[in-house]
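Trainee: Quick one: structure below, then a few questions.
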Amino acid sequence: MKTDAQRSPSSASTVLLEELSLLRAHVSDIMSVEDQRLEDGRAVTFIGKLRVEAEEAFSRLKARFLELGYVPLLREHEKGERQIVVAVRGKMQSALVQRPWIHLALLMATAITTVFAGGRYAGMLAGDPDPSLEKSVGYGVPFAAALLLILGAHELGHYIQARRHRLPVTLPYFIPVPFGLGTFGAFVQMRGPVENRRALFDVGVGGPIAGLLVAVPLFIAGLVMSVVTDQPAPPTRSMLMDLLIALFLPDATTNGILLNPVLLAARFGLVITAINLLPVGQLDGSHIAYAALGRRWARWIGNLAVVILFVLGLISSPIWLVWMGFALLSGVHHAAPMNDITPLDLRRTMAFLATAVLFLSLFSATPF
């Protein structure tokens, strides 16, 4: 029996024609095919009108294409009311090997850098600009614990939602740095495409919500332990911060607060969540906007957000120019789910609207 490598060109062509015939037969079951194109030998594009709902169509194609060694992609056609089915040769997901020791080592390194870098910063804000090593650790331990809890919860929110949708995803990678707050945050890495926009929404929104479930209680705890100063309230507070201050430390509604390490970390957690919800680049807000609104609207909103960041960077805070640059460097184009047609259901649409309101309550034109 001849292997694939030993087959003659004519026999290989025969196999390809058989595969194309089978693919078209499967597609014709759910679509009225009007056009068919072979793309570089690895993909076949079918254009036509779906006979069934997109979710059902994708479900059928996924099972049938798998037997032939193909993965289905489902897209809206740019012209008219037609749809596109793309059969791509390959596997739906790549193998994922977890290396827990790497994640643990990075977490420990980040704990050390946030204790010392964040401790110095917290000490400076507490009126101790040159703390001793013992005092720096005293400031730094509660700061690092609070900040890492918020960052960890955020990434675990992504991780849990990805696992719920059976996506191969790594454990959180923490990023230690010896300056600033001692960390550039954390991230998880997915090793496979998202199946549909509903899964994309769940994974995208899972991180910010989980992070807030930790950041808000820590912010309240920090307020309870805080001292009110005779300085005027700073212009850096968001609407949510103002609300929490009015509820738990009303004396500080018009006055400043002497930030303790826990409150400082929680405040950074709220600001980082607001930044993460910006609908630009590869931030969570961009994934959420794409999932809820689709490719075209998400692109328009992303471009508008970049313009707004540029203006805010000039008139309000230069930090927005940094985030605008980050958005442009990370890429403005979004990786589409395999089924890019099926919209969000009512529950997720309501969650999207609630997330938009939450973003506005967290956002401040002058965050620092």
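Yes/no per residue for (1) touching an Asp or Glu at 6+ places or on another chain (Cβ under 6 Å); (2) outside the structural domain of Leu344 (by TED's automatic domain parsing); (3) within 28 Å of Thr349 (Cβ to Cβ):
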{"site": "Pro172", "(1), (2), (3)": "yes, no, no"}
{"site": "Val188", "(1), (2), (3)": "yes, no, yes"}
{"site": "Arg191", "(1), (2), (3)": "no, no, no"}
{"site": "Glu195", "(1), (2), (3)": "no, no, yes"}
{"site": "Phe201", "(1), (2), (3)": "no, no, yes"}
{"site": "Leu223", "(1), (2), (3)": "no, no, no"}
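Trainee: Pick from the range 230-242 the residues that are touching a residue at least 12 places away in the same chain (Cβ under 8 Å) and in a helix (DSSP H, G or I): which of them is farthest from Ala145 (Cα to Cα)?
Mentor: Going through the qualifying residues, I end up with Met239.
Trainee: Might you check whether a residue that is modelled with pLDDT of 95 or more and aliphatic (A, V, I, L, M) occurs anywhere in the range 319-336?
Mentor: Looking for residues that are modelled with pLDDT of 95 or more and aliphatic (A, V, I, L, M), one finds none in the range 319-336, hence no.
Trainee: How many residues are among the hydrophobic types (A, V, I, L, M, F, W, C), surrounded by fewer than 17 Cβ atoms within 10 Å (Cβ to Cβ) and within 13 Å of Arg89 (Cα to Cα) when one looks only at the range 54-69?
Mentor: Selection size over the range 54-69: 2.
Trainee: Something else: From the set of residues in the range 333-355 that are touching a residue at least 24 places away in the same chain (Cβ under 8 Å) and assigned to a helix (DSSP H, G or I), which is surrounded by the most Cβ atoms within 10 Å (Cβ to Cβ)?
Mentor: Only one residue fits best here, namely Thr355.
Trainee: Sort out for me the strands (runs of 3 or more DSSP E) sitting completely within the range 20-102 that have 1 or more residues that are touching a strand residue (DSSP E or B) at 6+ places or on another chain (Cβ under 6 Å) and under 23 Å from Arg166 (Cα atoms).
Mentor: Correct list: 70-76, 83-89.
Trainee: Then there is this: Just one of the numbered conditions (1) within 18 Å of Ala122 (Cβ to Cβ); (2) surrounded by fewer than 19 Cβ atoms within 10 Å (Cβ to Cβ); (3) of a type outside the set (Gly, Ala, Ser) is not true of Leu213; which one?
Mentor: That leaves (1) as the condition not met.
Trainee: Inside the range 68-89, can you point out the residues that are of a type in the set (D, E, K, R) and in contact with a Leu (Cβ under 7 Å, 6 or more places away or on another chain)?
Mentor: none
Trainee: Can you find a residue in the range 148-159 that is under 30 Å from Leu61 (Cβ atoms), in the same structural domain as Pro337 (by TED's automatic domain parsing) and not small (Gly, Ala, Ser)?
Mentor: Within the range 148-159, one or more residues are under 30 Å from Leu61 (Cβ atoms), in the same structural domain as Pro337 (by TED's automatic domain parsing) and not small (Gly, Ala, Ser).
Trainee: Further question on the same structure: Do you know which of the residues in the range 109-135 that are in a helix (DSSP H, G or I) and either of a type in the set (Asp, Glu) or in contact with a Ser or Thr (Cβ under 7 Å, 6 or more places away or on another chain) (or both) is surrounded by the fewest Cβ atoms within 10 Å (Cβ to Cβ)?
Mentor: Glu134
Trainee: Whether any residue in the range 234-243 is surrounded by 19 or more Cβ atoms within 10 Å (Cβ to Cβ) and among the hydrophobic types (A, V, I, L, M, F, W, C) is what I want to check.
Mentor: Pass one, the range 234-243, residues surrounded by 19 or more Cβ atoms within 10 Å (Cβ to Cβ): 237-238, 240-241.
Now drop any that are not among the hydrophobic types (A, V, I, L, M, F, W, C), which leaves 240-241.
Yes: the range 234-243 contains one or more residues that are surrounded by 19 or more Cβ atoms within 10 Å (Cβ to Cβ) and among the hydrophobic types (A, V, I, L, M, F, W, C).
Trainee: For the range 170-229, what are the residues that are without any contact (Cβ under 8 Å) to a residue 24 or more places away in the chain and part of a loop (DSSP other than H, G, I, E, B)?
Mentor: Gln189
The values are calculated or read from the model by the stated rules, or taken from the named source; none is laboratory data. What you see is a predicted model, and the numbers here were worked out from it, not measured in a lab. Glycine also receives a Cβ, built like all others from the backbone with ideal geometry; neighbour counts cover every protein chain displayed.
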